[in-house]
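The values are calculated or read from the model by the stated rules, or taken from the named source; none is laboratory data. Since this is a predicted model, take the numbers as computed values, not measurements. Quick reminder, even Gly has a Cβ in these numbers, built from the backbone with ideal geometry, and neighbours come from all protein chains shown.
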Amino acid sequence: MWIRIINYLLKSKWKFSRPPNKPLLLVDGRSDPLKHYFNKSFYNILFRRGEEINFFVIFKCLIELDFKFKNYILNYIKFSKPKLLITSIHNYVGFYKLSKLTGIKTMFIQSANVTKWGDLFGDKNITNRKNKRKFRVDYMLVFNSAIGKEFSKFISGKYFVIGSFKNNLVIKNYKKKNEILFLSTYKPLEHSSQIINNIKAFKFTINDKKLLLRIIELSKKKKLKLNILGKQDTIQESNMEEIYYRKILGKNLRFIKNFSGRETYKIIRKFKYVLNIDSTLGLENFSSGGRTGFIFNRPYINIIKSRAFGYLENLGRKGPFWTSYNDVKEVDRVFNFVVNTNDKKWSYIHKSYQNKVMPQDKNNKTFISILKDEIGIKKSDE
């Protein structure tokens, strides 16, 4: 254990100045929604993945002879004296205890879909209702009301439906290519041996090859180019991802790598047709009105099925632009609906389902309103 701790400390960037007092504290810097509205004078970032360690806080833990990370977090909060704690990492269970531990109000901003398979709603520490008294988040900003109600079963506090925080920032529309974009959900091969909730992970992707081959076949019939939007953002894993798709699609592969600074929302909005399995980005594209098809080809068993489009919202296993039946006819049906439906009908379908799946709160007015009312600050120190 000590070797692991020492390696962790050596790899981290050290901050030798005391955390300054700022109104907001972002817990976990992996995802920073605040940068879109505030300059750094308004908030601190409490890193929890080894990116940065504060010497003053470590020294305080040393004096107290308490080296648990929980104590580091609590001491960091005491130093920075924020009025509000915020995170956009929904599966960090420790965050849900901070409101009661510190007496400071908390907010989480949902940034990815929440399911029962290897995710928060499958975590017995959360879903055991006897533990609800331990967990509180004052402001839960969620994708839709079904998700908000699910959170409310296990966590006390109030939820606000805002859709996707990041997607709410994207207003501009772009001229669309008459092409298909498939959203990759690839994970490195070494993860396929994992067992999550007693289910082998390889079952998760067992049907992907069949799906991709059928999509390329349908694309050729319609004389549409197929593009793959990469998911992995490290060089090694991105290369593995590209090789994976090249083995399936060969010379037909048009692969868009992920990398730091890639303008993903701009890219996706430049394609007329988007297909995916269970991507959050797919939900965001649909929310923005984009023609989006959801083909959930995973085994519809146990808790894996909770990842299927519309599962939590009780929309059924299939609908106009989605299916969770691993069947060629269903793949064809969804593909043809997305590609062939006229604009008027697609607009009607979009309006019928948007609020159930992911409504939009342009420029995150709800978020700004909460900060203005509760904290007394305005965005970006206007």
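Quick one: in segment 312-335, which of the residues that are closer than 22 Å to GLN354 by Cβ and either assigned to a helix (DSSP H, G or I) or among the acidic types (Asp, Glu) (or both) is nearest to the chain's Cα centre (by Cα)?
Only one residue tops the list, namely GLU313.
Residue pairs, Cβ under 8 Å, 6 or more apart or interchain, first in segment 1-19 and aliphatic (A, V, I, L, M) and surrounded by 10 or more Cβ atoms within 10 Å (Cβ to Cβ), second in a loop (DSSP other than H, G, I, E, B) and at pLDDT 80 or above. List them.
From segment 1-19, the pairs are ILE5/PHE67.
Looking at (1) in contact with a Cys (Cβ under 8 Å, 6 or more places away or on another chain); (2) of a type in the set (Ser, Thr, Tyr); (3) closer than 16 Å to TYR139 by Cα, find the lone condition where TYR72 falls short.
Of everything listed in (1) in contact with a Cys (Cβ under 8 Å, 6 or more places away or on another chain); (2) of a type in the set (Ser, Thr, Tyr); (3) closer than 16 Å to TYR139 by Cα, TYR72 misses just condition (3).
Among the residues of segment 151-169, what is the count of those that are buried (at least 19 other Cβ atoms within 10 Å of the Cβ) and among the charged types (D, E, K, R)?
Residues flagged as buried (at least 19 other Cβ atoms within 10 Å of the Cβ) and among the charged types (D, E, K, R) within segment 151-169 amount to 1.
Filter segment 42-67 down to residues that are within 28 Å of the chain's Cα centre (by Cα) and either exposed (fewer than 14 other Cβ atoms within 10 Å of the Cβ) or part of a helix (DSSP H, G or I) (or both) and give me whichever is modelled with the lowest pLDDT.
Once the filter is applied, the top-ranked residue is GLY50.
Filter segment 162-184 down to the residues that are at pLDDT below 90 and within 25 Å of ASN355 (Cβ to Cβ), then identify the one that is nearest to the chain's Cα centre (by Cα).
Across segment 162-184, the extreme among qualifying residues is VAL170.
Find the residue count for segment 218-259, including only residues that are exposed (fewer than 14 other Cβ atoms within 10 Å of the Cβ) and assigned to a helix (DSSP H, G or I).
Qualifying residue count for the region: 9.
Is at least one residue of segment 279-288 under 28 Å from THR127 (Cα atoms), polar (S, T, N, Q) and touching a strand residue (DSSP E or B) at 6+ places or on another chain (Cβ under 6 Å)?
yes
When the residues of segment 327-377 are narrowed to those that are acidic (Asp, Glu) and either surrounded by 14 or more Cβ atoms within 10 Å (Cβ to Cβ) or not assigned by TED's automatic domain parsing to the domain that holds ASN113 (or both), which ends up farthest from LEU226 (Cα to Cα)?
Within segment 327-377, the match that is farthest from LEU226 (Cα to Cα) is GLU374.
Given the residues LYS257, LYS220, LYS251, LYS225, which is the only one that is in the same structural domain as ILE295 (by TED's automatic domain parsing), under 19 Å from GLU179 (Cα atoms) and under 23 Å from the mean Cα position of the chain (by Cα)?
Testing whether each residue is in the same structural domain as ILE295 (by TED's automatic domain parsing), under 19 Å from GLU179 (Cα atoms) and under 23 Å from the mean Cα position of the chain (by Cα) leaves just LYS257.
Is there any pair linking a residue in segment 260-273 that is part of a helix (DSSP H, G or I) to one that is modelled with pLDDT under 95 and of a type in the set (Ser, Thr, Tyr), with Cβ under 7 Å and at least six apart or on different chains, and which?
Once the first residue is part of a helix (DSSP H, G or I) and sits in segment 260-273, its partners that are modelled with pLDDT under 95 and of a type in the set (Ser, Thr, Tyr) give LYS266/TYR174.
Looking at segment 99-119 only, could you name the residues that are over 16 Å from SER164 (Cα atoms) and either crowded, with 23+ Cβ neighbours inside 10 Å or not assigned by TED's automatic domain parsing to the domain that holds ASN144 (or both)?
Residue satisfying the conditions is THR106 alone.
Of the residues PHE309, PHE296, only one is surrounded by 20 or more Cβ atoms within 10 Å (Cβ to Cβ), closer than 19 Å to GLY230 by Cα, modelled with pLDDT of 95 or more and not polar (S, T, N, Q); which?
PHE296
TRP117 versus (1) at pLDDT below 80; (2) within 17 Å of ILE86 (Cβ to Cβ): which is the lone unmet condition?
(2)
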